[in-house]
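A short reminder: the numbers here are calculations on the coordinates, not readings from a lab. What you see is a predicted model, and the numbers here were worked out from it, not measured in a lab. Heads up, the Cβs are rebuilt from the backbone with ideal geometry, glycines too, and the neighbour counts pull from every protein chain shown.
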Amino acid sequence: MTATAEWKAASRHPTFSFYLTAPACKQNPAVALAAAELADGITISGPKGPDVAKRLRDAGLEVPFLFDGEGYKPENLLGPEMWVEQQAQVGAARLLLPGVFIPWERDSESTFVDIIKEQGRIAEVLGAVILAAVDVRWVAKKTDLVVDSLLSTGRPVALILADRGDPLSVSGAVIGLQRLASQIVRLFLLRSDHGSIGALAFGANHASIGLTTSTRHYAHSSSGAWRNPGSSARLFVRPCLDWFLAHVVAGWTAAGSSLLCPLPCCCDGSLSRYLDDDFDATWHNMNALAEFASHIIGAEPADRRAEFLKACRDAASQYGLAGVQGPEDPKAQLTSWSFS
């Protein structure tokens, strides 16, 4: 049985993949190899995704692939039939539609309803998964509408949460995501951060996690992405369940706080070493995210929700204990999970 067949056979068991861009896989195949080692699959973004996957398969990488065609970007105009066929030719684990963007409309619900209805119709004809990049305010403020619209299609759904910053920091977004994951039978979260592991705990089927700021959410061109200044590497700090710049972590160390990583990527080394450009933080971030995802997925189904929320509350309790020697306050997403 191929890896893809195994993934489909285990479809009732939640899975996770790393979300990688087509150029990243092409220019640095080692990243794809690492993703295959640590995760259940790889999601490749961009219209060239199937071509890149074919090269990786021809080189011997046997792993389930998903493809985000990024049809929600204005510059990517993909025909649904051709795009689904391209994915099928390389044995995609699931066939996804190209994708659409649904902007926020405070005073009207018709845009959301009409777009989802049409995407559901196309997905039904092609036997595909709906893919929608959704302004996170729909999930946060009009959860009932989102749930009802998606359920009415009868199709599996892949969602990308859109915001100029962290989508799950928006008030109501975490609670809305919990409801979606609990009520939509076949839900995929793509282009996400570690918060999508929470969606798995609440019943989602798949979480695809990005490793860079731009691949952990989607910022539509009308809003623009918020960018943190500086070139310091970003680190996923497992005890804090959040991302921090390497120079910030190094500052904690200089002040007397020692953050050691026990995983094979670091072998009890200090995270402050990633301030040095000679050390690539990617391998650490992949290991730390994979460890957390595996911890939640590996729990008994009835215990996953409680286990994830406990992890969030344990992480929140780490903040403020060390004063200037560590992070003082958890960010909005972690706070929302902790008080769920």
Packing-based order for 166-174, 35-43, 115-123, using average beta carbon neighbours within 10 Å, highest first: 35-43, 166-174, 115-123
Most fluctuating residue given options 111, 15, 213, as computed from a GNM of the chain linking Cα atoms under 10 Å: 111
DSSP bridge orientation in the chain - percent antiparallel, rounded to nearest 5: 15
Degrees separating the helix 80-89 axis from the principal Cα axis of the chain, which is the longest one: 70
Estimated 222 nm signal from helices in the chain, with DSSP H stretches of n ≥ 4 weighted -39500 (n - 2.57), rounded to 500: -12000 deg cm²/dmol
Global geometry of region 234-338, whether rounded, prolate or oblate, following the gyration tensor of its Cα atoms and the 1.5 cut on a/c: oblate
Table column - 3J(HN,Hα) (Hz), region 279-286, Karplus curve with 6.51, -1.76, 1.60, x for Gly and Pro: 9, 8, 6, 4, 5, 4, 4, 5
Tilt relative to the chain, helix 110-126 - C-alpha long axis, 0 to 90 degrees, to 10: 70
Which of 120, 157, 309, positive extreme of dipole for the chain (C-beta unit charges): 120
Degrees, to the nearest 10: 304-316 long Cα axis against longest axis of the chain: 40
Choice from 44, 160, 102 with maximal GNM fluctuation in the chain (Cα, 10 Å cutoff): 102
Charge dipole (debye, nearest 20) of the chain; +1 at Cβ of Lys and Arg, -1 at Cβ of Asp and Glu: 340
Lys pairs under 28 Å by Cα in the chain, provided they are eight or more residues apart or on distinct chains: 20
Percent of Cα-Cα distances greater than 32 Å, calculated over region 3-215: 10
Listed peptides 88-97, 146-155, 294-303 by packing density, highest first (mean Cβ within 10 Å): 88-97, 146-155, 294-303
Karplus (6.51, -1.76, 1.60) ³J(HN,Hα), θ = phi - 60°, over region 266-274, in Hz, Gly and Pro reported as x: 10, 6, 6, x, 6, 5, 5, 5, 6
Sequence-distant residues sharing a close amide H with residue 45 (under 5 Å, placed H): 20, 21, 22, 68
Choice from 161, 56, 211 showing the highest fluctuation, given a GNM over the chain with Cα pairs closer than 10 Å: 56
Radius ratio Rg over Rh of region 9-71, counting only Cα atoms, Kirkwood formula for Rh: 0.96
Charge dipole (debye, nearest 20) of region 104-256; +1 at Cβ of Lys and Arg, -1 at Cβ of Asp and Glu: 340
